[in-house]
Each structure stands twice: as C-alpha cells, then as structure tokens.
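Data block below; observations after.
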Amino acid sequence: MKSSHFIIIALMLFSCSKKQDIIYPVKRNLTESVYASATIQPDSIYQVYAIVSGILDANLAEEGDLVIKDQALIQIINNRPKLNSQNSKLSLELAKQNFNGSAAILNSISDEMDAAIIKLKNDSINFFRQKSLWNQNIGSKVQYDTKKLNYELTNNNLKLLRSKYNRTKNELQTTVKQAQNNYQTSLITTKDFTVKSKINGKIYALYKEPGELVTNMEPLASIGSAKKFIIELLVDEVDIVRISKSQNIIVTLDAYKGKVFKGTVSKIYPKKDERNQTFKVEAVFKNPPDILFPGLSGEANIIIDQKDSVLTIPKVYLIDDNKVKTDNGLLTIKTGLQNMEYIEVLSGITIYTSIYKPEE
C-alpha cells in the first residue's frame, strides 16, 4: 500500500516537472546590448615626460593640485646645459665685437682701404702726368712703365681689399647669426629643465621624488581633466562591428552599488589590442556621479537595439539557433533581437504555440 502511494506521488512530481518544461511565447519589451568592461579615466589624461636627463630637483606641485597650462610642475638640474649656455653667450658677444665693436676686424680692413685709396690717387696723378710727358716724347720709357705699374698694382690692391671687406663682412655676419642661434638653442635647452603642464587640469600622480635620476624614457607625472571624465570600454572583437558612435550605454560601477548611470559612445579606436583581443571604445556620461576617481571599474552594456511588445521565448528553449520543439515536432522559426535571456521570434510560431524545453 505504501509502495503504491510512493509511485503516485512520484508520478505527480514527474508530471509537474514536465509541465514546467512547457511554455508559451510571451510579448515583452526587448533590449539587445553588447557587454563591455568599464574603467573611468579623466578626459585628456596624459603622461608627463622630460625632454632632457638630469636629477629631479623639486616637484613644484603636489598630487591632487589643480594646474593651468604652462604652469611649472617639475624642476630638473644639470650643470652641463648651463655651462653650454654661458659658453654660447660668450661666443655671441665675441662675434658681435668682431663684427661691430671697437676692435672689429672690418675696421682694420677699412683702414687699409682708405690708405689704398689715397695711394691710388697719388699713383694715378703720377701715372697720368708721366703719360702726358711720354706722349710729348719727354722722359724715359722706364719712368713711364714704373708709374703705370704702380698705378695698376695700387688699383688691383684696392679691388682686393674691397672684396676682402665684403667677404669678411658676410663671414662675420654669418658667425654672429650662428652664435645667436646657438645661444638661443642653449637657452631653450636650459628651459627644458623646467617641465610644464600642457593643459588646464589636475595632477593625478607624481612618479619621481627629489634626488632621483630623470630620463626622457620614464614618465614623471600624470595629468588630466579635473572635472570631465570618460568611460573606457573594452569590447570583444566579435561585437565591435555592431558598435557605432552615439549609441546609448548603461553603466554600473563597483563604487556605486545599486546605481545605474547612462552615457553615449563618443569614440571607437580602430586598432585591436592583441593581448586580450578587444577594442577600446570611449563613452561620456549623461548623468555622471558627483565624485569620480581615475581607475574606478565596473560593467557596461552598449544598447544595440530596442523594441516594444515583441514575441519572445527564452534562449534555452532554442534548438540549433532557429528551431523549437512543439506538439507538432520541430518547427523552424525566424529570430530577431536578443539579449542574455530572451530572443525575438519574427515568424514560425505564435503566442498560442506550446514549446518544450530541449532535453539536456
């Protein structure tokens, strides 16, 4: 008798379990989305590097400080550029003095030219006087040739001095310009030892302390926007083709349990990260939290499409992606939108079709 009761109860439980495996399609609002991990970062964040190497003398601002564009952040010391700057300045002063100072080289050549002009006038008078006498058959041929040679030599010497003056002037001008350029370059190099901010923003990190060695290969600080934050999303490569700018997103952050924030896709990076096979996508908040910090993590769903009151079935009832088990056997259906749990049925069954869950 007890055995028969046990069999009846077992049959009832089996019958109930079988009934639970039968459902009917239901109309519901359906949203299809793509999952992505989310990380919060300040807008325009960048790593600060030094152009030159040296020793960090002082951090002129602290982590968390607000800074403005061109504000000095870090001072580096290195005596060599300062010495080079001083030497360049001395070279510039010498070049200027040689060009137009009291001991200018051009003055010496100019004095030689003045003497040559006086001598030329004298030799010219003597030559043309001797020539006039020679035309009258007065004087000797030797006297005439001597006067003529002196005149020609003086004239050629004056031409050479004038050429030398112009050439030397050009050379000295070039030397002054080169010295000026070298000095300006040395000043720029000296200025490079003061690292400045490129933006108006906030210092989020300082990586070096005074006394440490600084190279142009290591970042010294991290600076970004103080108020505007972006959402960095990592999207799997199989989903990236479905993402486009201006799509809406829903974000949850670990630091804000139970709260949901909305945003929109603002940028899609075209290069894939080969390490994790993902693409980086940026989004901006529509309703950002009052307090945000770099590195806050969470999850996001990028909305691909939304439909209201569509015929759906649970995805676990789907066989081979496009078939369902019914009282009439396997029926092929046409599917549409889907999320993690449900899939839209476009055709093949109705709201009155009973569907059986596939056997596992």
Query - Gain on full stretching of the segment that runs from V316 to I117 - 0.36 nm per residue minus C-alpha separation - result: 60.5 nm
**Report entry** Exposure proxy order (Cβ contacts within 10 Å, fewest to most) of Y24, Y204
**Finding:** Y24, Y204
Report summary line: Net charge near V260 (other residues with Cβ under 12 Å of its Cβ; Lys, Arg +1; Asp, Glu -1) is +3
Query raised in the report: Say each of S163 and T146 gets a label point 7 Å from the Cα, pointing the same way as Cα to Cβ; how far apart are those two points in nm?
Result: 2.9
Query raised in the report: Amide H to amide H, which residues 5 or more places from T312 or on other chains are under 5 Å from it, using H placed in the peptide plane?
Result: V26, K27, R28, V345
Report task. Multiply the residue gap between D57 and K245 by 0.36 nm, knock off their C-alpha separation, and tell me the result in nm, one decimal place. Result -> 63.1 nm
Report task. Provide the FRET efficiency to the nearest 0.05 for the N126-K177 pair, computing r from the beta carbons and using R0 = 45 Å. Result -> 0.50
Requested in this report: Extending each Cα 7 Å along its Cβ direction at Y356 and E341, get the distance between those two points in nm, one decimal.
Outcome: 2.5
Query raised in the report: With r defined as the distance between the Cβ atoms of K334 and Y46 and R0 fixed at 56 Å, what FRET efficiency is calculated, to the nearest 0.05?
Result: 0.65
Query - Added length on full extension, which subtracts the Cα-Cα distance from 0.36 nm per residue, E218 to D236 - result: 3.4 nm
Requested in this report: First measure r as the distance between the Cβ atoms of D327 and Q306, then evaluate 1/(1 + (r/R0)^6) with R0 = 41 Å and state the FRET efficiency to the nearest 0.05.
Outcome: 0.80
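We did not get these values from a lab; they are worked out from the coordinates using the rules stated. Because the structure is predicted, anything quoted here is derived from the model rather than measured. We place every Cβ from the backbone using ideal geometry, glycine too, and count neighbours over all the protein chains shown.
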